[in-house]
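Each reported figure results from applying straightforward, stated rules to the coordinates on display, with no laboratory input. None of these values were measured; they are calculated from a predicted model. For neighbour counting, all protein chains shown are included, and Cβ atoms are generated from backbone atoms with ideal geometry for every residue, glycine included.
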Amino acid sequence: MPAEHFPVLLAVVPLVAAPLIVVARSGFLGWAIAFAVAAATAAMSASLLARVTVEGTISYAIGSWPPPWGIEYRVDAANALVALLVSAMALVAMPYARRSVTAEIGQERQYLFYALLMLCLSGLLGIALTGDAFNLFVFLEISSLATYVLIALGRDRRALTAAYQYLILGTTGATLYIIGVGMLYLATGTLNFADMAARLDGVADTRPLVVGLAFITAGIGLKLALFPLHAWLPNAYTYAPSVVSAFLAATATKVSLYVLMRVYFSVFGADAVFRDLPIGPVLAVLSVAALFVASAAAIVQKDLKRLLAFSSVGQIGYITLGISLGSATGLAAAMAHVVNHGITKGALFLLAGAMALRLGGTGFDRLAGLGRTMPVAAFAFVLGGLSLIGVPGTAGFASKWALVAAAMGAGQWWIVAAVLLSSLLAVAYVWRFVECAYFREPPAGAPSPGEAPWEMTAPALAMTAAVVALGLHATPVLDAATRAAAALMGAGR
Amino acid sequence: MSFLGHFSYWATVFVMMTGLYIVISRGNLVKKLVGLGIFQTSVYLLYVAPGKLIGGTAAIVTPGITLYSNPLPHVLILTAIVVGVATLALGLALVVRIREAYGTVDEDELLAADAKDD
Amino acid sequence: MKSDIILRVVAKILIPFALMFALYVQFHGDYGPGGGFQAGVVIAAAVVFYAVIFGLAAARRAVPEPVVESMVALGVLVYAGVGIAGLLLGGNFLDYFVLDPDPVHGQHRGIFWVEAGVGITVSGVMLKIFYIFAGRGRDFEEDS
């Protein structure tokens with residue numbers, strides 16, 4: 001019985017876990033339930049990914065109402081991969097969360113923290129798996145509302161203003177998305193993505209649909225922090241609790257990127273978006289601006305988490321650059337970078353959280369001499385940093401190389417140049433950390449902190465190991481990304 | 001079609017721009033939320049107005065009636081309204097916390113206070 | 001305001017009717033306008049009315065905060081429980097057809113419990129929001 005219901009159970013199990021945790025009213029029970037749920041979702045999405053690879057698209061009708069009348073959950077090689085990324089990140093974050101959350105959040109609020117994390121997980125998985133435009137909006141808001149609160153739980157009072165700013169911009173983004181969906185609904189009379197795609201075939205360049213596409217691009221662009229709509233991201237990631245930063249950096253923007261791919265390639269189709277409309281060049285210019293401006297901004301930050309946040313904006317630029325090529329290879333490169341960058345950033349934020357636990361913060365003045373006081377964490381961080389640069393042997397290289405190859409295939413040499421030049425900026429910001437950790441003396445009189453507890457170090461190291469492993473043996477991710485791209489481009493047309 | 005034929009869209013656009021303008025131009029965090037609420041309201045109008053057929057009735061099959069309004073937009077917007085309420089409540093809760101932590105709800109003063117923290 | 005006899009008497013008369021009307025809206029939702037959202041808000045409004053007249057502390061005694069918080073969770077569990085019942089009876093998630101041998105009856109049964117869950121959660125959430133905002137920063141004054 002259960003296997004056929006995995007598509008919906010992925011979203012429902014965390015959704016049920018949240019109220020159960022609220023009823024349990026205990027931080028420890030909340031953590032235990034959340035851990036079990038994260039493990040269950042990771043197992044289910046792995047099995048789904050294996051199944052869609054063999055069997056192709058799985059359609060699941062909620063309430064047994066056949067699509068397009070009922071809400072359909074539609075799993076293919078693309079969203080199964082995204083779901084696996086999200087749930088695997090949740091699973092890795094859970095053992096880490098116990099110590100980190102105890103250190104950062106008051107005892108009486110911990111159970112609410114885990115309940116919110118479950119709601120966020122449910123929302124993100126729901127976005128990934130649903131095949132219905134309005135259902136996607138509802139899950140988008142579930143995950144966003146949970147995210148705002150999770151960010152506001154940070155210790156610094158600036159977490160509150162960061163959460164407020166994200167709330168304003170995130171709600172604006174979601175509202176723009178729903179306006180766009182409204183346009184599509186008025187024009188096609190359906191909310192089901194696959195059905196919409198069939199009805200849009202050949203008429204996608206009429207004005208209401210173009211306006212709808214523009215609204216959706218702007219709205220999802222806000223949620224995925226497309227430059228210059230990224231203003232909410234740096235503060236949100238900097239002041240959120242460590243676990244939340246790591247989980248969101250690896251998943252939230254990635255899920256929004258998936259939505260953009262779904263709308264562009266599955267609903268409208270690559271031809272309508274990239275041949276008939278000038279979206280490709282616009283997206284490419286914004287992405288290249290993100291590569292340079294955000295990476296340059298990262299270099300001058302005084303705080304490690306903030307540096308990573310700006311680096312995220314830049315790295316998202318690589319992904320949108322892959323999308324802007326409008327080709328199957330570009331899309332595959334983008335999908336591979338979604339996975340590889342998600343894993344890399346997750347690892348780096350987990351390590352930054354471990355440093356914050358021992359040092360009381362991640363300002364560069366505190367990190368001096370880290371190579372001696374926390375050698376393991378510092379070394380792992382450098383490995384992750386190499387992946388941000390795209391050094392061969394790390395995950396970041398594999399997907400960046402795929403992107404460069406796709407750009408060359410399309411004859412877009414300026415994109416190749418931009419990718420290579422912007423990598424130099426990544427060298428500069430990663431070097432900031434290296435210089436601080438290895439070439440500076442620890443602050444005089446400061447107590448030697450030592451490594452973070454193993455519950456926190458082990459997940460972070462596991463992620464770092466994954467970064468290296470996927471760099472040395474990149475084929476699984478690249479293959480999965482190629483299949484995902486084929487599914488995105490083939491679905492419904 | 002005539003200007004009047006698109007009346008509901010003009011109203012929608014007006015409400016939408018009013019809300020967005022308030023969000024952008026006001027420095028007071030509570031007023032920003034008011035603007036956000038108005039912005040979201042325009043979406044309710046965008047969905048519900050085209051769903052209504054003039055002379056149409058509720059979509060319950062009744063003998064002798066052939067013209068029904070589309071019930072789906074109403075259901076969707078009921079959900080959107082609930083989402084809007086949740087967002088508003090959360091936004092106000094954050095404003096209360098910000099006020100307690102900073103002693104102000106004005107954006108410029110908050111930025112000044114944050115600049116001093118760095 | 002509890003010193004004002006008119007308000008007190010009117011409130012005591014109106015609140016039971018408000019709650020009764022909420023139940024009507026809740027259970028008539030199958031056949032006419034209404035349902036869990038609306039009923040939940042009316043229930044919450046009745047309690048808010050009580051709190052405005054008799055004070056927050058009195059309302060908290062009548063509807064304690066832990067009850068409100070568990071209502072929030074309970075409603076979602078009822079809703080999801082209907083969905084999972086559909087799964088266990090061999091249908092898809094939120095499949096009402098399998099809830100009863102007669103599919104039409106099954107639809108009635110499903111929507112009844114789903115709306116019950118919605119009503120419980122909405123009234124819980126509304127009251128929780130009200131308690132939090134109303135009680136913020138003045139737990140110590142008021143009501144002696």
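Shielding value for A:16-23 is 5, the average number of Cβ atoms from other chains within 10 Å of each residue's Cβ.
Other chains near A:173-179: what is the mean number of their Cβ atoms within 10 Å of each residue's Cβ?
Working: counts 0, 5, 12, 4, 0, 8, 7.
What the average comes to for A:173-179 is 5.
Straight Cα distances below 12 angstrom link A:Lys400 to none of the aspartates and glutamates, with same-chain residues fewer than 8 positions distant left out. Put a plus charge on the Cβ of each Lys and Arg, a minus charge on the Cβ of each Asp and Glu, and nothing anywhere else: the dipole of the range B:4-117 about its Cα centre is then about 400 debye. Convex hull of alpha carbon positions in the range A:343-493: directionally averaged projected area 10.8 nm². Of all beta bridges that DSSP places with both ends in the protein assembly as shown, some 90 percent have antiparallel geometry.
Listed values for the range A:53-63 are Karplus-derived 3J(HN,Hα) couplings in whole Hz (6.51 cos²θ - 1.76 cosθ + 1.60, θ = phi - 60°), namely 4, 7, 9, x, 4, 10, 10, 10, 9, 5, x, and x replaces Gly and Pro.
Just counting partner chain Cβ atoms within 10 Å, what average do the residues of peptide A:61-68 show around their Cβ? Spell out each step's value before the answer.
Details: counts 5, 6, 11, 10, 5, 0, 0, 0.
So the per-residue partner count for this stretch is 5.
Using θ = phi - 60° in the Karplus curve 6.51 cos²θ - 1.76 cosθ + 1.60, the 3J(HN,Hα) couplings for the range A:408-422 round to 5, x, 8, x, 8, 5, 5, 5, 4, 4, 4, 5, 5, 5, 5 Hz; x is entered for Gly and Pro.
Taking the mean number of other Cβ atoms within 10 Å as a proxy for protection, how do you rank A:449-457, C:57-65 from highest to lowest? Numbers along the way, then the final one.
Details: A:449-457: 17.1, C:57-65: 15.0.
My ranking of the peptides, most packed first, is A:449-457, C:57-65.
Taking the average, over residues, of other Cβ atoms within 10 Å as the packing measure, peptides B:98-111, C:84-97, A:254-267 rank A:254-267, C:84-97, B:98-111 from highest down.
Can you order the peptides A:283-296, C:30-43, A:375-388 by their average number of other Cβ atoms within 10 Å per residue, highest first? Display every interim value, and only then the final one.
Numbers: A:283-296: 21.1, C:30-43: 19.1, A:375-388: 23.1.
Top of the packing list down: A:375-388, A:283-296, C:30-43.
For the range B:4-117, treating each Cα as an identical point scatterer without solvent, what Debye log10 I(q)/I(0) comes out at q = 0.14, 0.15, 0.22, 0.23 1/Å? Listed by q, the Debye log ratios stand at -0.71, -0.77, -1.16, -1.20. Amide hydrogen proximity for B:Ala59: with H placed 1.01 Å from N in the peptide plane, the residues at 5 or more positions away or on another chain lying under 5 Å are B:Ser69. With both labels modelled 7 Å from their Cα along Cα-to-Cβ, the A:Glu455 to B:Val13 distance reads 5.8 nm. Inter-label distance, A:Val300 to C:Leu89: 6.5 nm, where each label sits 7 Å from its Cα along the C-beta direction.
Counting Lys and Arg as +1 and Asp and Glu as -1, each charge on the Cβ, what is the dipole of the protein assembly as shown about the Cα centre in debye, to the nearest 20?
Working: 43 positive and 41 negative charges, 169 e Å.
It works out to roughly 820 debye.
Checking the a/c ratio against 1.5 first, then a/b against b/c, what shape does the Cα gyration tensor give for the range A:239-290? Judged from the Cα gyration tensor, the range A:239-290 comes out oblate (a/c at least 1.5, b/c at or above a/b). Separation of the range C:34-89 from the range B:19-68 is 27 Å, based on Cα centroids.
Under the combined filter of DSSP loop state and at most 15 neighbouring Cβ atoms within 10 Å, the range B:3-92 retains these trypsin sites (Lys or Arg not before Pro): B:Lys52. For A:Gly363, nonlocal amide neighbours, meaning residues 5 or more places apart or on other chains whose placed amide H falls under 5 Å from its own, are A:Leu304. Taking the longest Cα principal axis of chain C as reference, the axis of helix C:36-54 is set at about 10 degrees. A simple rule links phi to the HN-Hα coupling: the Karplus curve 6.51 cos²θ - 1.76 cosθ + 1.60 with θ = phi - 60°, which for the range B:20-29 gives 4, 5, 5, 4, 6, 8, 7, x, 7, 5 Hz, with x for Gly and Pro.
Counting residues in the protein assembly as shown as N, plug N into 2.2 N^0.38 Å and put the Cα Rg over that result. Don't skip to the answer; put the middle values down first.
Values: Rg = 26.1 Å, N = 755, 2.2 N^0.38 = 27.3 Å.
Output field value: 0.96.
Using Cα atoms only, what is the angle between the long axis of helix C:103-135 and the major principal axis of chain C, expressed in degrees (0 to 90) to the nearest 10? Helix C:103-135 and the main axis of chain C meet at about 20 degrees.
In deg cm²/dmol and to the nearest 500, what is the mean residue ellipticity at 222 nm of the protein assembly as shown if only DSSP H runs of at least 4 residues count, each as -39500 (n - 2.57), divided by the residue total?
Calculated from helices alone, the mean residue ellipticity at 222 nm is -25500 deg cm²/dmol.
Relative to its Kirkwood radius, the Cα radius of gyration of the range C:5-135 gives an Rg/Rh of 1.08.
What whole-number distance in Å separates the alpha-carbon centres of the range A:417-438 and the range A:5-35? Using only Cα atoms to place each centre, the spacing works out to 40 Å.
Hey, which of these cross-link pairs are over 28 Å Cα-Cα: A:Lys223/A:Lys305; A:Lys345/B:Lys32; A:Lys254/B:Lys52; A:Lys223/A:Lys345? Pairs exceeding the cut-off: A:Lys345/B:Lys32; A:Lys254/B:Lys52.
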